[in-house]
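Each remark here refers to the structure printed beneath this line.
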Amino acid sequence: GVIWNNATVSLKEFDYDLSNNFDEAMVNVTPAVDVAIVKSVNVTNPNYHDLVTWTLTVKNNGPDFAHNVKVVDKLPESLIFVSCDGNYNNVTGVWNIGTLPINISVRLNIVARVNATGKITNDGEVSSREFDYDLTNNKDQKAINVAPAVDVEVQKSVNNSNPNFNDTIEWAVKVKNNGPDVAHDVKVVDILPKSLIFVGSNGNYSKSTGVWNIGTLNPSASAELLLICKVNATGKIVNDVNVTSREFDYDLTNNRDDERINVGPSTDLEILKLLK
């Protein structure tokens, strides 16, 4: 607003002209505010695909009302918008606050799904219509660190689901890494039941432990193991398989699979003919 400054001069002697002993001047100061933003996150070390909540707190430190207050917080591609509790547009990244009185704070919570690994930084910036005399607190950012993640999946199949007793069959075990990172120490456990006699394989498979060591598997890469067995029982025979890796696996629903065969009844008829 308008600020007046008055000045008066006096002395001991007689002043024959008092009309110039007083003067004043004014300045017209435009409205001013200090809108500040603070950003926080509920989890600083989430896993891939976890939900995290970003909290934005905006305060007007005055001395005047702040109008047309808005925050720009555009989520990076590594964060997928899920929900919020305020007037936030996830497409433009704008949170429209409107008018903010002196010493009043408002808060917005944005829930997002983590869609990348490594360091993810989220920036927020606040502005208003009035002159802001302190721009050092108009921006804030927070970072999260996401550990490497993979989705290793396994699928099992057999070339003959209705073999006969003593037949030789071939089991196929296929492992794929759906990413987003490289999978290390990938191993598959496929312990054959006693009803299946191991004959051979095409990979680094141990028949005593049932472990197939794959090692490193790049994103979108696959590996396949063929197990040749002889059927040693009748009825239903189930063969289970499980895959693991060193990294965090965000989808455990596809880490296990099984396949079964149905072996019909079998006999060994023997005839013995005697001469009399």
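The values are calculated or read from the model by the stated rules, or taken from the named source; none is laboratory data. Everything numeric here is computed off the predicted structure, so don't read it as measured data. Heads up, the Cβs are rebuilt from the backbone with ideal geometry, glycines too, and the neighbour counts pull from every protein chain shown. Only protein heavy atoms, including side chains, enter the accessible area calculation; ligands, DNA and RNA are left aside. Shrake-Rupley method; radii C 1.70, N 1.55, O 1.52, S 1.80 Å.
Descriptive notes on the structure:
- Hits in the stretch 218-231 (condition: open to solvent by 70 Å² or more (accessible area, probe 1.4 Å) and either assigned to a strand (DSSP E or B) or modelled with pLDDT under 95 (or both)): E224, K230
- Among (1) under 23 Å from L135 (Cα atoms); (2) touching a Leu at 6+ places or on another chain (Cβ under 9 Å); (3) in contact (Cβ under 8 Å) with a residue 60 or more places away in the chain - the single one T55 does not satisfy: (3)
- Residues that are open to solvent by 50 Å² or more (accessible area, probe 1.4 Å) and farther than 30 Å from G264 by Cα within the stretch 158-181 comprise K176, N178, P180, listed in sequence order.
- Pairing residues of the stretch 7-24 that are open to solvent by less than 100 Å² (accessible area, probe 1.4 Å) with residues that are of a type in the set (D, E, K, R) and assigned to a loop (DSSP other than H, G, I, E, B), at Cβ distances under 8 Å and at least 6 apart in sequence or on separate chains, gives N21/D15.
- Residue in the stretch 182-198 that is nearest to the chain's Cα centre (by Cα), counting only those that are closer than 24 Å to S222 by Cβ and either open to solvent by 40 Å² or more (accessible area, probe 1.4 Å) or basic (K, R) (or both): V182
- Inclusion of E270 among residues that are in contact (Cβ under 8 Å) with a residue 40 or more places away in the chain and open to solvent by 50 Å² or more (accessible area, probe 1.4 Å) is not warranted.
- Entry remark, the stretch 135-157: residues being open to solvent by 30 Å² or more (accessible area, probe 1.4 Å) and farther than 30 Å from N61 by Cβ number 6 in total.
- Contacts under 8 angstrom Cβ, first residue in the stretch 31-49 being over 12 Å from A143 (Cβ atoms) and among the small types (G, A, S), partner open to solvent by 50 Å² or more (accessible area, probe 1.4 Å) and in a strand (DSSP E or B), 6 or more apart: A32/F131; A36/K59
- For the stretch 16-38, taking the residues that are part of a strand (DSSP E or B) and closer than 30 Å to W95 by Cα, the one that is modelled with the lowest pLDDT is identified as A32.
- You will find that of E77, E13, the residue that is over 53 Å from the mean Cα position of the chain (by Cα) and modelled with pLDDT of 80 or more is E13 and no other.
- G62 free of Cβ contacts under 8 Å to residues at least 40 places away in the same chain, surrounded by 14 or more Cβ atoms within 10 Å (Cβ to Cβ) and in contact with a strand residue (DSSP E or B) (Cβ under 7 Å, 6 or more places away or on another chain): no
- Qualifying strands (runs of 3 or more DSSP E) (wholly inside the stretch 68-134; at least 1 residues being open to solvent by less than 70 Å² (accessible area, probe 1.4 Å) and under 20 Å from N145 (Cβ atoms)): 79-84, 105-114, 118-127
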